[in-house]
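Worksheet: the structure to be examined is printed underneath.
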């Protein structure tokens, strides 16, 4: 009688062990970290003619396809998932380029993207539309079971006409530049 019960218990235990483990109970999944990707980036400098918009602009879209595990929950694993943001800056003259000023990008769920426009090398001119660095920051934040989890990532790269930007200027002086190849990878770190 006891032998039959032991065999039944061993059979049940081996059956449960063979079932796939649910997230939150099984092993923690690995983080999946990928370089950020800029899918579009373009700049515009105006002609200066009366009646035209006088602003120079920088616009780009950045994507993070990474998934970072925060911790287990009763229903699975809490993660910071992929996010995408649109970023933009405008200025009137070379004297008021927003160099080294944090600029927030569009809102995303549990993430905040921002960037700083930094001077470039000067080799493609000193205009902030032809030769500049972007310092991009992603702050992931999530409130889980009474605790706020935060991670901050940064990535910087140089954007310069003739290297990774191409475009043209018109006879009126208006210039438009964009990425030569997309997506453009940005390697981020903590």
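Within segment 126-144, if we keep just the residues that are exposed (fewer than 15 other Cβ atoms within 10 Å of the Cβ) and touching a residue at least 24 places away in the same chain (Cβ under 8 Å), the residue that is nearest to the chain's Cα centre (by Cα) turns out to be 139. Taking segment 99-114 as the range and being modelled with pLDDT of 95 or more and not in a strand (DSSP E or B) as the test, the residues that pass are 100, 101, 102, 105, 106. Scanning segment 159-171 for residues that are surrounded by 15 or more Cβ atoms within 10 Å (Cβ to Cβ) and within 30 Å of residue 190 (Cβ to Cβ) yields 159, 160, 164, 165. Out of the residues in segment 58-89 that are over 20 Å from the mean Cα position of the chain (by Cα) and surrounded by 15 or more Cβ atoms within 10 Å (Cβ to Cβ), which is nearest to residue 31 (Cα to Cα)? Checked segment 58-89; the qualifying residue nearest to residue 31 (Cα to Cα) is 77.
Here is a yes/no grid of residues against (1) assigned to a strand (DSSP E or B); (2) touching a helix residue (DSSP H, G or I) at 6+ places or on another chain (Cβ under 6 Å); (3) at pLDDT 95 or above:
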residue: 116; (1), (2), (3): yes, no, yes
residue: 128; (1), (2), (3): no, no, no
residue: 139; (1), (2), (3): yes, no, yes
residue: 148; (1), (2), (3): yes, no, no
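The values are calculated or read from the model by the stated rules, or taken from the named source; none is laboratory data. All figures in this text were calculated on a predicted structure; none of them were measured in a lab. Glycine also receives a Cβ, built like all others from the backbone with ideal geometry; neighbour counts cover every protein chain displayed.
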